[in-house]
1. Working carefully through the options 84, 130, 126, 80, find the one that is part of a strand (DSSP E or B) and out of contact with any strand residue (DSSP E or B) (no Cβ under 6 Å at 6 or more places or on another chain).
2. Looking at the range 134-163, which of its residues are aromatic (Phe, Trp, Tyr) and open to solvent by 20 Å² or more (accessible area, probe 1.4 Å)?
3. Would you check if residue 127 is in contact with a Phe, Trp or Tyr (Cβ under 8 Å, 6 or more places away or on another chain), in contact (Cβ under 8 Å) with a residue 24 or more places away in the chain and within 18 Å of residue 56 (Cα to Cα)?
4. Filtering the range 84-126 down to residues that are buried (at least 20 other Cβ atoms within 10 Å of the Cβ) and of a type in the set (Gly, Ala, Ser), which residue is nearest to residue 174 (Cα to Cα)?
Amino acid sequence: MKRFSHVAVWIVFSLILAASLAGCFGKPPPPQQYLRVDLGQGPCPGSANAQQRLPLGIKPLKALENLDRTAVLTAHDNVLTASLQYYWEGAPQDLVGQALRHGIECQSASLTPVDYQPRVTHDAVLTGQLTAFNVDETDGGRFVVSIHLDLWSRNLGTRISSGDFNAYAPLDNFSGDAVANAASDALGRIVPKVVAWLDGGLPRIQKFMRQQ
């Protein structure tokens, strides 16, 4: 009888421990979902006259450590929270860089993008940093893209101009599809601003080319 009571106590203790552990660990995390944004990768009419435009060496965009991750970030006031469910296909600075490159290729009247190579002469170079690529809970919800860009003369010799660019797109809700669509919309709004700024800098690029 005494042995039976010990077994009963052990069973009760095991059940209590299991219940406690279940409460500590909680529910399993939601399944990971990877969001795809529209980077405008299709053909465009601008590529037909690429030989008539000035080659622009493009260096990969940089990003602060908190942005250099694939998890979707949500901003509430000054606090950024990384999602445990939604992720981008790649690092945000790479996604934005691809969108900018395609936009310059398709929309610029004076410049055509080429990969920057350290030991190759470049008449103009574009560098930059991604400063925001996140969901923002302000105004009912929106997606924010912000970048800082520097346009340089030949081989990064002289900074010709700098620009800060921002774009916002409203969010219908906070589902994966809504976030991906809003990110695509915001990219579609920021790229033309960058292209117009680059085309406006062509006279200064040509001036530095004549001086060197």
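1. After applying the criteria, what remains is 84.
2. The answer is 152, and nothing else.
3. Criteria met by residue 127.
4. Among those residues, the one meeting the criterion is 99.
Let's see how each residue does on (1) within 23 Å of the chain's Cα centre (by Cα); (2) farther than 28 Å from residue 76 by Cβ; (3) at pLDDT 95 or above:
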| site | (1), (2), (3) |
| --- | --- |
| 142 | yes, no, yes |
| 145 | yes, no, yes |
| 156 | no, yes, no |
| 198 | yes, yes, yes |
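The values are calculated or read from the model by the stated rules, or taken from the named source; none is laboratory data. Every value quoted in this text rests on a predicted model; they were computed, and no experiment measured them. Every residue, glycine as well, gets a Cβ built from its backbone with ideal geometry; the counts of neighbours run over all protein chains shown. To get the accessible areas, we keep the full protein, side chains included, count just its heavy atoms, and leave off ligands, DNA and RNA. Shrake-Rupley method; radii C 1.70, N 1.55, O 1.52, S 1.80 Å.
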